[in-house]
Amino acid sequence: QVHVVESGGGLVQPGGSLRLSCVASGIIRSINAMGWYRQAPGKQRESVVVITNAGSTIYADSVKGRFTISNDSAKNTVYLQMNSLKPEDTAVYYCQMIVVLSTNYKFFEGWGQGTLVTVSS
């Protein structure tokens with residue numbers, strides 16, 4: 001029904017930048033909410049930044065001032081610009097899209113497969 005695919009991960013040195021992209025495709029009428037999450041080795045998945053259905057943007061304290069979320073609603077795409085990366089940002093990053101299906105107007109929560117970000121010298 002709905003597919004969510006992330007891209008843009010990779011290896012970057014401390015202080016560097018990366019931009020992640022996430023595209024949702026399928027029977028989508030609109031995107032209700034979106035967000036980026038991450039899971040570091042041995043740790044639970046945590047929220048990095050979300051845009052709620054009310055339009056609020058909520059960043060984790062650990063990424064405030066360094067990460068920026070943006071989206072292109074016409075393309076069903078959300079981006080995560082990550083600057084001043086630190087080794088502790090190393091994790092698999094997941095995109096979440098909560099969409100309204102065009103077939104029945106119901107909500108659907110889609111997750112991508114994850115993209116690995118490694119910050120290391």
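Report relative contact order for the chain in percent, whole number only (criteria: Cα-Cα under 8 Å, sequence separation at least 6).
For the chain, the relative contact order is 38 percent.
So, with a 1.4 angstrom probe, what is the percent of accessible area on the chain that is carbon and sulfur?
That share works out to 48 percent.
Under the rule of at least 5 residues apart or a separate chain, name every residue whose amide H is placed under 5 Å from the amide H of A33.
Amide H neighbours of A33: I98.
With every protein chain left in place, what is the accessible area per residue of the chain in square angstrom, probe 1.4 Å?
It amounts to 53 Å² per residue over the chain.
Taking amide H positions as placed 1.01 Å from N in the peptide plane, with prolines and chain starts having none, which residues 5 or more places from V48, or on another chain, fall under 5 Å of its amide H?
Amide H neighbours of V48, under 5 Å, 5+ apart: W36, Y37, R38.
Amide H neighbours of G16 under 5 Å, at least 5 residues apart or on other chains, H built in the peptide plane: list them.
For G16, the qualifying residues are L85.
Which peptide among 43-50, 21-28 comes first, and what is the full order, when sorted by highest mean count of other Cβ atoms within 10 Å?
21-28, 43-50
How many angstrom lie between the Cα centre of the range 60-92 and the Cα centre of the range 1-54?
Cα centroid to Cα centroid, the span is 8 Å.
Tell me whether the range 16-121 comes out rounded, prolate or oblate; compute the Cα gyration tensor, take square roots of the eigenvalues as a ≥ b ≥ c, and use a/c under 1.5 as the rounded threshold.
In terms of gyration-tensor shape, prolate.
The values are calculated or read from the model by the stated rules, or taken from the named source; none is laboratory data. These numbers come from a predicted model, not from an experiment. Reconstructed Cβ throughout: ideal geometry from the backbone, glycine too, with neighbour counts over all protein chains shown. These area figures cover heavy atoms from the full protein model, side chains too; ligands, DNA and RNA do not enter into them. Shrake-Rupley method; radii C 1.70, N 1.55, O 1.52, S 1.80 Å.
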